[in-house]
1. Looking at residue 55 and the list (1) in contact with a strand residue (DSSP E or B) (Cβ under 9 Å, 6 or more places away or on another chain); (2) within 29 Å of residue 15 (Cα to Cα); (3) free of Cβ contacts under 8 Å to residues at least 24 places away in the same chain, which single condition is not satisfied?
2. Under 9 Å between Cβ atoms, which residue pairs at least 6 apart in sequence (or on different chains) link something in the range 105-127 that is modelled with pLDDT of 75 or more with a partner that is assigned to a loop (DSSP other than H, G, I, E, B)?
3. Evaluate the range 33-49: report whether one residue or more is loosely packed, with under 14 Cβ neighbours inside 10 Å, at negative phi and not in a loop (DSSP other than H, G, I, E, B).
4. What number of residues within the range 17-32 are assigned to a loop (DSSP other than H, G, I, E, B) and more than 17 Å from residue 101 (Cβ to Cβ)?
């Protein structure tokens, strides 16, 4: 099969990118990133520029000192902006292409997902066998058909 794209396909791709490019300002303005702390009593939402859009505090968060609370808000705002930026790169990548999106991620210092490890197939061998955590059935629970009952 010929891997070359036809002129019609190239034109259609270019028109799609133009359409996506026209929508970029609106799509980027809508993006939000959020983060919450461990006890889940503080949640921060920001836009791609890091502007605070929402701050939710549980009453238990008010037990923190002003210094601790402000430090957590700043940290969560940073994490939320990183999430918004990553989503922004995805939106920009739709219009500009994957190579441009990867370069934007690198220049913004965002983590790039590594390629997953490829495990060769060996018939009859489960490469995840050592990672499974089997939950034994409850006594008296119905067993699926076709499987032996556990003693």
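The values are calculated or read from the model by the stated rules, or taken from the named source; none is laboratory data. Keep in mind that what you see is a predicted model, and the values were worked out from it rather than measured. No Cβ is skipped: glycine too gets one built from the backbone with ideal geometry, and neighbour counts run over all protein chains shown.
1. (2)
2. Hits for this filter: 105/111; 105/112; 106/112.
3. Going through the range 33-49, the residues loosely packed, with under 14 Cβ neighbours inside 10 Å turn out to be 38-40, 49.
This time we only want the ones that are at negative phi, so: 38-39, 49.
Those still in the list that are not in a loop (DSSP other than H, G, I, E, B) too: none.
The answer is no, given that none of the residues of the range 33-49 is loosely packed, with under 14 Cβ neighbours inside 10 Å, at negative phi and not in a loop (DSSP other than H, G, I, E, B).
4. Kept after step one, since they are assigned to a loop (DSSP other than H, G, I, E, B), are these residues of the range 17-32: 31-32.
Checking which are more than 17 Å from residue 101 (Cβ to Cβ) leaves us with 32.
Here the count works out to 1.
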